[in-house]
Every structure is written in C-alpha cells, then in structure tokens.
C-alpha cells in the first residue's frame, strides 16, 4: 500500500515538474532590442492625428512605458494585451510613467481600435518600420513588401526620464506577453 502511494506521489510530482517546465519553456525571455542602461533609440512614429511624436512628448515624470505590438487590426493576442494595458494605465500613470503602444498599423486602424475600447494612452503608427528597426525588434520573418512587414516582436520597454532603457520584456513566440498587473507591482515596489 505504501509503495502504491509513493508511486502515485512520484507520478504526481513528475507531472507537475513536466507541466511547470513546459510553462517555463513557453515563457522564455529573448534578449532582443536595445541594451539595458543604453540610450533609447529615436522614435519615428505618428499619433492618430498623423503628427510625429517623440519619447519626450510621451514621457511622464519618471519616464515612458512602451508596448510594442503586432496589430490592433488582425492579432487577437495584441488586442487583448492592449486592453490589459489600458486596465492598468491609471495605476502606471500614478507611478509617474507616460504610456504608449507602437505598431505597424496605419493611423486609421489605431484610431478605430482606440475609440472602440476607450484607450487612455496613445496608439502610435510606425508605418515604415523605422522605429522597429531602430529598436532592433523588427520581426524578420516578413520581408519588405509583404503584407506583414514591419511587425515587431511584441514586448515592453521602459525608458527613464533621462532617456535610458531601464527594463525590457520580450518573450519567445507571440502568445506570451507581459502581465501589466505584475509589472505595476514590480514598479510600485521599486518606487518605495
């Protein structure tokens, strides 16, 4: 009887170990984009009114949190992530950060999504992929001239008031994303 219990316990632990390792494997961070503590590359983006905006224009007293995403038009993971970012927007702004999200989508697509979901931060267009290239996060799976050229590897970069990268979060694949409630708690702890 004891041996049967030990075997069941061992099987349960093995299953848990395999599941945990699979989950961790799915959440593998990738080291792309600008270096931590390096100067943030230039933004080459436009807002919903077609006006060019800069990091300085968007920053709060502590800096800027930038969400890079694939599309507010066709990517369901991105749409959900934008909405999750919006749910934490007030908390993140209260910590002193400006917020923005950048995609290769045109301004009209971004404006439509923003209005439909009452976004409280700007969705910015990087039509020619200049910013994605500057940040070294361009998804090279798509060649120039193809329909999806210009999409980034989705992720989050935090730029401090001095213009330096303080955090970056990119994961392997496109399904795993930053949890903004956790990011808020981490930044809140750093502020104390």
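The values are calculated or read from the model by the stated rules, or taken from the named source; none is laboratory data. The structure presented is a predicted model; accordingly, all values stated were derived computationally and were not measured. Please note: Cβ atoms are built from the backbone with ideal geometry, for glycine as well, and neighbour counts cover all protein chains shown.
Consider residue 173 carefully, then state whether it is within 20 Å of residue 84 (Cβ to Cβ) and at pLDDT below 95. Steps first, answer last, please.
Working: within 20 Å of residue 84 (Cβ to Cβ): yes; at pLDDT below 95: yes.
Considered against the rule, which asks whether it is within 20 Å of residue 84 (Cβ to Cβ) and at pLDDT below 95, residue 173 comes out as yes.
Would you mind stating whether residue 143 is on the phi > 0 side of the Ramachandran plot, assigned by TED's automatic domain parsing to the domain that holds residue 49 and either without any contact (Cβ under 8 Å) to a residue 40 or more places away in the chain or more than 17 Å from the chain's Cα centre (by Cα) (or both)? It would help to see each step written out before you state the result.
Values: on the phi > 0 side of the Ramachandran plot: no; assigned by TED's automatic domain parsing to the domain that holds residue 49: yes; either without any contact (Cβ under 8 Å) to a residue 40 or more places away in the chain or more than 17 Å from the chain's Cα centre (by Cα) (or both): yes.
Answer is no for this residue.
Of the conditions (1) surrounded by fewer than 21 Cβ atoms within 10 Å (Cβ to Cβ); (2) under 15 Å from the mean Cα position of the chain (by Cα); (3) under 21 Å from residue 168 (Cβ atoms), residue 87 satisfies every one except a single condition; which number is it?
Residue 87 satisfies every listed condition except (3).
Condition check: assigned to a helix (DSSP H, G or I) and out of contact with any helix residue (DSSP H, G or I) (no Cβ under 9 Å at 6 or more places or on another chain). Does residue 83 satisfy that?
Working: assigned to a helix (DSSP H, G or I): yes; out of contact with any helix residue (DSSP H, G or I) (no Cβ under 9 Å at 6 or more places or on another chain): yes.
So residue 83 fits the description; yes.
Kindly evaluate residue 97 against the criterion of being crowded, with 23+ Cβ neighbours inside 10 Å, over 16 Å from residue 184 (Cβ atoms) and over 13 Å from the mean Cα position of the chain (by Cα). Spell out the reasoning first.
Details: crowded, with 23+ Cβ neighbours inside 10 Å: yes; over 16 Å from residue 184 (Cβ atoms): no; over 13 Å from the mean Cα position of the chain (by Cα): yes.
No, not satisfied.
Would you call residue 77 part of a helix (DSSP H, G or I), surrounded by fewer than 23 Cβ atoms within 10 Å (Cβ to Cβ) and more than 13 Å from the chain's Cα centre (by Cα)? Reasoning before the result, please.
Details: part of a helix (DSSP H, G or I): yes; surrounded by fewer than 23 Cβ atoms within 10 Å (Cβ to Cβ): yes; more than 13 Å from the chain's Cα centre (by Cα): no.
Here the answer is no, as residue 77 does not meet what is asked.
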